[in-house]
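Presented below is the structure to which this report refers.
The values are calculated or read from the model by the stated rules, or taken from the named source; none is laboratory data. The structure displayed is predicted, hence computed values, not measured ones. Cβ placement follows ideal geometry from the backbone for every residue including glycine, while neighbour counts extend to all protein chains displayed. With ligands, DNA and RNA removed, areas are computed over all heavy atoms of the protein, side chains included. Shrake-Rupley method; radii C 1.70, N 1.55, O 1.52, S 1.80 Å.
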Amino acid sequence: MTRSEGSTAPLAGGALPSASRAGVPSPAIVVRDLRKRFGRREALAGLQFSVPEGAVAGFLGPNGAGKTTTLRLLLGLAPADAGEMEILGVGMPAHRTAVLEQVGALVEKPSFLDHFSGFDNLWWFGSLNRPVTRERVMEVLARTGLAEAAGQAFGTYSTGMKQRLGVAYAILHRPRLLILDEPTNGMDPQGRVQMRDLLREIHAAEGATIFLSSHLLDEVQRLCDYVVIVDHGRTVREGYVADILQRGRETWEVRVADGQAERAAALLPSLPGVLACRPGPRGFEISLEPGRSGLVNQALIGAGLTVTALIPKEASLEETFLALTDNGGDPA
Amino acid sequence: MPRFLTLIRFEMVKVLARKKAFLFLLALNVVPLLASIVALLIYLKLKGWGLGGFEFSVLVEMVRGLFIAHMVVFAWISPFFLALVIGDSVSGEAGRGSLKILLLTPVERWQVVVAKAVAVLVFLMLAVALGGFFLQLDLWVARAMTESPAMRWDVKTASTALVETTAALQLFVLSFLSHLALVGFFLVFAQFSESPIMMAFISLIVLMTMQVYVLMAPHLAHLDPRFGQVADWCFTRHLSKLSSIETVQGILDQRLSLWHPDVWQPLRDGLGWAAFFFAVAILLFRRRPILN
């Protein structure tokens, strides 16, 4: 049981006196000191983070970092050992039903009833929240590209179709908060793009806060404006993507004339502002302190080298992620 | 409340969508129904050919015998059905993951346990009532045909009611209440497993062991009366008493009623066990982590 059971804050307001900061949107999700053990293994070791209301937030971490466990605890599927959780301003799991009325969720693989059709699954499970109409069910099926498979048994769906139905179910009641666990898992590239567009559309049209875990870092970077990165059951970084990426370094690709590579390799690491230099596919990739690229160019020319190209590389979440998590090779 | 009712309806639809449910319905009803049809046909044919045949009251006796057998056989096979269907509905759904989707909707966990119990009990009652209704229908048809002018013969006056209405209602209520404890028992076992087959297997072994002990206890009690005292704590003892031929026959003949001590006492104890099992099942389910 968590310590949040006494919380009686109103759900509708969404305001959290303890966590609100001036000028910052009030949080849709707040997690404080969350702990969970499975036998000897500590899945969550004092996790904390908050997701601002209205954000599209990514939840990143290596395999076994505790992402799915966190989502399970947040949604009341399993009890936490300690810690506090608040969703839309009220405590979980004390106000579980009130929270779930306003939250659309997909946790791990969606496992609806195999012998029911996609339509029947949405209709029955959806009716357990509040009454739904046939039109609304067909609308979400159409939006997730499942209109033609509506009457087909769920057991015959492909992995990607099952995933779409999971997302369709999550958005059925126009929730204030969408919690999605790897929503594009098993989808083809086209499906991923459609899903991204769909989530953007829902966010823009309905103003829903979206909190999604994903192992596709470029996807998160394209979709999310906020990220929470976890590792070993702890938060290692959280904030707006723009803030996280700008901090620290820029990456540039430097190409020099043929035969000058060795001299350039010797010179580059010693130049002021260069944080790292590694051979790239057609030259070198250097990490720089922000705003130093011109000086590097000058220094190379000054040393008699012919710089054939100096190309800025877009800062990627992947680099930040790899730097922050120690099992960086596998960001899933 | 509407949400709870929707949940119950949903659980009923799920029970009806299971092949196991239809197999059970068939297994329970096919023998009494076929036998009663044969008896009815023979009765009508013999009458129709003017061969005299057997009296209407004999047909009533035969159908009544089938009815008692139907009730007793029902109590005998229902545990197997309950173990399979509750195993599927709780352990199976937990294993397959659809329980997770259910618990991501704003329904209370206790409502899930109760809805599953209600759905399976309603099906069980419909299944047993179907046989009873069909047997009664048999007698009505026989009576109507006998009385029709086309068949021109004297009707021996005999009761057309298979069961007096009050007796029928009492048997129905008795079946329902005595099955509550069984449903609760299986619901408790379903909390520990994500495999419906394992759950059904283990719970039936426990149930059968208990019943074997209950049957052995009178003999063992000769050695030491404490064996008999232990048997008093086996809930299957109360259930077998309630579904015995003597009890069913007694209620049919209106010698017994729900308020008779021979019926009321085991019923009260059975209901006590039902309350205990349901409380344990709900408590366990509220704390059950859903990891699939």
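Evaluate 2.2 N^0.38 Å with N set to the residue count of region A:254-325, then give the Cα radius of gyration divided by it.
1.12
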I need the P(r) histogram for region A:167-322: all alpha carbon pairs, bin width 5 Å from 0 out to the longest distance, whole percents.
2, 8, 16, 15, 12, 11, 10, 9, 8, 5, 3, 1, 0, 0
P(r) histogram, all alpha-carbon pairs of region B:212-292 included - 10 Å bins from 0, percent:
17, 32, 30, 16, 6, 0
At a 1.4 Å probe, which residues in region B:83-128 are at least 30 Å² less accessible with all protein chains present than in their chain isolated?
B:Arg96, B:Ser98, B:Lys100, B:Ile101, B:Leu103, B:Leu104, B:Thr105, B:Pro106, B:Glu108, B:Arg109
Would any residue of region A:197-241 have its amide N under 17 Å from a label point 7 Å out along Cα→Cβ of A:Asp81? List them or say none.
A:231-235
Report the relative contact order of region A:90-218, percent, no decimals, based on alpha-carbon pairs under 8 angstrom and at least 6 residues apart.
30 percent
Can you give me the accessible area per residue for chain A, using a 1.4 Å probe, in Å²?
43 Å²
Portion, in percent, of the accessible area of the protein assembly as shown that falls on carbon or sulfur, probe 1.4 Å:
61 percent
If one takes the longest principal axis of the Cα atoms in chain B, at what angle in degrees, from 0 to 90 and to the nearest 10, does the Cα axis of helix B:165-190 lie?
30 degrees
Rounded tilt (10° steps) of A:159-171 against the dominant C-alpha axis of chain A
70 degrees
In degrees, nearest 10, range 0 to 90: what is the angle between the Cα axis of helix A:134-143 and the longest Cα principal axis of chain A?
10 degrees
What order do B:Trp259, A:Trp124 take when sorted by accessible area (1.4 Å probe), most exposed first?
B:Trp259, A:Trp124
Bounding extents of the protein assembly as shown in its principal axis frame from Cα atoms, largest first in Å, are 127, 63, 47
Percent relative contact order of region A:207-307, based on C-alpha pairs within less than 8 angstrom and at least six residues apart?
22 percent
Over the alpha carbons of region B:2-287, what is the largest minus smallest coordinate on each principal axis, giving the biggest first in Å?
70, 53, 30
Mind jotting down a quarter of the surface of the convex hull over the alpha carbons of chain A, in square nanometres, one decimal?
20.4 nm²
Ranking B:Val248, B:Val38 from most to least accessible area with a 1.4 Å probe gives B:Val38, B:Val248
In the Gaussian network model of chain A, springs joining C-alpha atoms below 10 Å, which of A:Arg164, A:Arg176, A:Arg41 carries the largest mean-square fluctuation?
A:Arg41
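Per residue, how much accessible area does chain B have with a 1.4 Å probe, in Å²?
I get 48 Å² per residue for chain B.
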Sum up the lysine pairs in the protein assembly as shown that clear both bars: alpha-carbon distance under 29 Å and a spacing of 8 or more or different chains.
28
Loop-resident GluC sites (Glu not before Pro) in region B:4-91 with no more than 14 other Cβ atoms inside 10 Å, DSSP not H/G/I/E/B, are B:Glu55
Relative contact order (%) - criterion: Cα under 8 Å, at least six apart; region: chain B:
26 percent
Residues whose built amide H sits under 5 Å from the amide H of A:Leu275, excluding neighbours closer than 5 in sequence, are A:Ser287, A:Leu288, A:Glu289
Ranked from the most accessible area to the least, with a 1.4 Å probe and all protein chains present, what is the order of A:Arg35, B:Arg286?
B:Arg286, A:Arg35
How are the C-alpha pair distances of region B:1-141 spread across 5 Å bins, as whole percents from the shortest bin up?
2, 9, 17, 16, 13, 11, 9, 7, 6, 4, 3, 2, 1, 0
Charge tally for neighbours of B:Val85 with beta carbon under 13 Å away, counting Lys, Arg as +1 and Asp, Glu as -1, is +2
Would you mind listing how long region A:70-142 runs along its three principal axes, going by Cα atoms, in whole Å with the largest first?
41, 23, 18
Can you give the mean number of other chain Cβ atoms that lie within 10 Å of the Cβ atoms in peptide A:76-83?
3
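Count the DSSP beta bridges whose two residues both fall in the protein assembly as shown, then state the antiparallel fraction as a percent rounded to the nearest 5. Show your work: numbers first, answer last.
Numbers: 40 of 57 bridges.
Bridges in the protein assembly as shown that DSSP calls antiparallel: roughly 70 percent.
Give me the summed buried accessible area for the B-A pair, 1.4 Å probe, to the nearest 100 Å².
2700 Å²
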